[in-house]
Amino acid sequence: MGKVAVAFAAAAVVAACSVAAVMVRRRVKSRRRWRTVVEILKEFEEGCDTPVGRLRQVVDAMAVEMHAGLASQGGSKLKMLLTYVHDLPNGTEKGTYYALHLGGTYFRILRVHLGGERSYLDVQDVERHPIPSHLMNSTSEVLFNFLAFSLERFTQKEGNESNSQGVKRELAFTFSFPVKHTSISSGVLIKWTKGFEISEMVGKDIAECLQGALNRRGLDIHVAALVNDTVGALSLGYYHDPDTVVAVVFGTGSNACYLERTDAIIKCQGLLTTSGSMVVNMEWGNFWSSHLPRTAYDMDLDAESSNPNDMGFEKMIAGLYLGDIVRRVILRMSQESVIFGPSSSVFSEPYVLRTNSVSAMHEDDTPELQEVARILKDLGVSSDVPLKVRKLVVKICDVVTRRAGRLAAAGIAGILKKVGRDGGGGGGITSGRSRGENQMQKRTVVAVEGGLYMNYTMFREYMEEALVEILGEEVSQYVVVKAMEDGSSIGSALLVASLQS
Ligand code: ADP
Ligand code: MG
């Protein structure tokens, strides 16, 4: 071999070696990056851990906070608000009634016709629209004019057939934000939640605002009740099944109410009702306990939200937030590694990943996770995300939703404990019921509604599974969780009907 040929061969060997070295280096680097991502996941998973022992601590904390909130105003992060609802619809109601529901994402209008028997409940003409986002930080006038206009359109559409002309329409205003009531039909807004920010409305009477807007439009509609959405769900639950004592909503936000004995509402001494009880709106979204498994992602979400240091429980369990927790974990991973390719900055945009997409990815049962790939592509991730990264995304969704479902169950068990229906010996912690009275044998129905619960099967399953884990097989046989589709709005209309009879 000539000298030139030897030099050439040697150069070729060197080149091949360096290509191999680059490839090995790349592989090592990629393995290291993957390890980083796996560590982030592991740390997150550990931070979200909810063993049953921890859930029981949350149960106890919920029951204790409920007691504190009932004992004195400002005694707890749980406001435990009076609703002035003491008699729930029982099936004898008759007539045609309306509900207008302002939720966190949707507003709904519907009409119910009741024939005086439980089986005669005809829900007519349900309209459901997304709340135009500009209304969420507009003015009270703009918001209520919009609602009045929507009601006008609704009633114009029905013509003569369902409501004979000249009869005033009786309306429930279902309002999914915290209100301090002075009667069943009046109350002032305490604060906004779920991203709404119309500050001049805080302290204003909500029912009066709507009635004013309806009057200005010349509509013959009477706002007969201002109803929290959970109270609406409880009303529908009770209408169908008088064992219903608790209602919980898992939608954009989350909240719960339950039937409490008036003598246990210590902050309102001398409160008298014919039934001896009153529905209490817990505003449980603001519940907090050091036992809640909070991660750095939760803290950042809170700090960057429109209501920092507020609604801590809601931010771990409700539909508005679950997608954003998942997004934050993906963002951190994509910052530490390039697993989502160069366009991973799409995850920097707050709330870009919605909980609807989280459930669609989580429940993707295609072998190659095509739905996950499609959603990531729609979000703007340009490169093809490998299967193992798609699996990682599903795992993050699972961790976030499992924690949410299990904490939701602990919240419900906390209420059951407070009212002595958790199998803990009868009296709850403070309800004033005598110990030994076997409350446990009582069947207890929990009415549940909201888009998250109704549409996200895995959330529902994690919640129900954890409830059995917390209460035990035997006690959970007496606890029935019942889904109430559109329960908030339908139930509020039923409540107005019960006020007339
Ligand atoms: P609102 O909160 O306005 O009363 P809903 O009770 O219908 O409305 O809840 C809507 C919320 O429920 C959505 O914002 C979303 O967070 C959640 N949601 C709706 N559909 C799904 C779904 N398929 N998967 C997961 N979450 C969902
Ligand atoms: Mg709702």
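The numbers here are math on the coordinates, done by the rules we state, and not lab data. A quick note: this is a predicted structure, and the numbers were derived from the prediction, not measured. Please note: Cβ atoms are built from the backbone with ideal geometry, for glycine as well, and neighbour counts cover all protein chains shown.
Brief remarks follow.
- Normalised by 2.2 N^0.38 Å, where N counts its residues, the alpha-carbon radius of gyration of the chain equals 1.15.
- Here the sum of -39500 (n - 2.57) over DSSP H runs of 4 or more residues, divided by the residues of the chain, equals -14500 deg cm²/dmol at 222 nm, to the nearest 500.
- Net length gained if the chain between VAL126 and LYS391 were fully extended (0.36 nm per residue, minus Cα distance): 91.5 nm
- Cα centroid separation, the stretch 300-362 to the stretch 237-296: 29 Å.
- The calculated FRET efficiency for ARG31 paired with LYS442, based on their beta-carbon distance and R0 = 51 Å, is about 0.30.
- With R₀ set to 30 Å, the beta-carbon distance separating ASN137 from ILE190 gives a calculated FRET efficiency near 0.95.
- Options MET66, SER290, PRO132, ranked by Cα towards positive dipole end of the chain, top entry (Cβ charges): SER290
- Taking each residue as 0.36 nm, the span from ARG217 to ARG153 lengthens on full extension beyond its C-alpha to C-alpha distance by 21.9 nm.
- Other-chain or far-sequence residues with amide H under 5 Å of VAL481's (modelled H): VAL446
- Among ASP486, ASP324, ASP365, ASP384, a tally of other beta-carbon atoms within 10 Å of each Cβ gives an order, fewest to most, of ASP365, ASP384, ASP486, ASP324.
- Antiparallel bridges, percent of DSSP beta bridges restricted to the chain (to nearest 5): 60
- Net lengthening on full extension, SER348/ASP365 (0.36 nm per residue, minus Cα-Cα): 3.3 nm
- Pairwise FRET efficiency - GLU461 versus ASP378, Cβ, R0 = 22 Å, nearest 0.05: 0.25
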